[in-house]
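Here is the structure we will look at, set down as structure tokens.
The values are calculated or read from the model by the stated rules, or taken from the named source; none is laboratory data. No experiment lies behind these values; they were computed from the predicted model shown. Quick reminder, even Gly has a Cβ in these numbers, built from the backbone with ideal geometry, and neighbours come from all protein chains shown. Calculation scope for accessible area: heavy atoms of the full protein, side chains included, ligands and nucleic acids excluded. Shrake-Rupley method; radii C 1.70, N 1.55, O 1.52, S 1.80 Å.
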Amino acid sequence: MVSPGKPSPRSAVKPLSNAQVARLAQKHHLVNPMTNHPTGPRKDNIKEINAQNPKATKRLLDACAFVVKSRCKVKAWGLERVPEDGVFITACTHVTLFDVFIPMAALFYQGRRPRYMAKAEMAGWPIIGKWFQLVGMQPVPRRKGEALAIENESIRILTSGRPLTIWPEGTLTRDPKKWPMSLKAGMAYIALETCRRLGRQVPIFPAATWGAASINHWWPWPRKNVVMCYGEAIDYADLIEDMDEWGSEPPKTAVRELTRRVRERLESIEAEIRGEEPPSEGYWDYRTMRRVPRE
């Protein structure tokens, strides 16, 4: 299934400037996320590492780091928030394919092995598709009628003790200026239903990556700046206060509200990285392919 619309070209945005990276460095401790334990000594989750084909994972991780570092200058802050154990959800922006590889590699280098949602077509890619499957890819068939099966498998992953990474926009943003667009409701449903089954709030960490949108992949030199922030966990305790009284599924109002909170947090983090304000007229709605007012 082909997603409607096309991402805007590299010319739609300016590269992330050295001056803006310097401003971020004054406020945050920026580290290189493509190195082992970038935030300092910590305990690796050996059980997860051993369960996810360690040799294949290391090869893919090394290859990913080599490609990323050869094409951009990548920095990050907030990775110390990645828990050493326990389940959690990472909700990522999806401006370019770098938004897949950088958060994935950063969490791996922090000693965790989340499963991650990726379009099913990637499993069929030559060579690398097999690697993706070996290192935890959860294929997402982008056809109607598959949503419930995808959500149930995601909930099973979380309730079994593994963290999960999701790109809740569902595809590359179609916003002409590459801001986070409307999110799919599935991520919020997965989080809320998992909370009910585990009897507690599951942390949702927003992760925004910016700077790769202006990279020319055929000739990426000089290397562009790319910065990722792994933000503070989103508080949604108020949405699960009455979870014992829910019917067969989480209330739609709670799903919508959690979706809104995640989208707004991703937009806020990206705004800080870019040093810009998002469009005042609203965010990009994928269904109508136009801007709509913020809630």
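Observations on the model:
- I157 sits with roughly 0 Å² accessible to a 1.4 Å probe, with DNA, RNA and ligands left out of the calculation.
- The heavy atoms of M137 present about 10 square angstrom of accessible area, all protein chains included, probe 1.4 Å.
- Accessible surface of the chain [probe 1.4 Å, protein heavy atoms]: carbon and sulfur percent: 55 percent
- Beta bridges per DSSP with both ends in the chain, % antiparallel, nearest 5: 30 percent
- Straightening the chain between R200 and R42 buys 54.4 nm, computed as 0.36 nm per residue apart minus the Cα-Cα spacing.
- Among 48-55, 84-91, the order from most to least packed when residues are scored by Cβ within 10 Å on average: 84-91, 48-55
- Violating pairs (Cα-Cα greater than 19 angstrom) within the set K14/K178; K69/K177; K178/K224; K6/K178: K69/K177
- Segment 168-183 residues near the modelled E281 label - backbone nitrogen below 14 Å, point 7 Å along Cα→Cβ: 175-177
- Charged side chains reduced to their Cβ positions (Lys and Arg at +1, Asp and Glu at -1) give the chain a dipole of some 1360 debye around its Cα centre.
- All-pairs Cα distance distribution in the chain, expressed in whole percent, bin size 10 Å: 6, 28, 38, 24, 4, 0
- Working note: Debye formula, equal point scatterers on the alpha-carbon atoms of segment 228-295, no solvent; log10 I(q)/I(0) at q = 0.15 Å⁻¹ is -0.64.
- Each residue, A25 and L97, gets one label point 7 Å from its Cα in the Cβ direction; the gap between the two is 3.0 nm.
- Burial order of peptide ranges 58-65, 236-243, 209-216 (average beta-carbon count within 10 Å, highest first): 209-216, 58-65, 236-243
- Equivalent ellipsoid semi-axes, segment 37-123, via Cα gyration tensor eigenvalues times 5, rooted, Å: 19, 16, 14
- Among complete DSSP H helices in the chain, those whose alpha-carbon atoms stretch at least 15 Å along the helix's long axis and whose mean Kyte-Doolittle hydropathy reaches -1.0 are 54-71, 98-109, 147-159, 186-198, 252-274.
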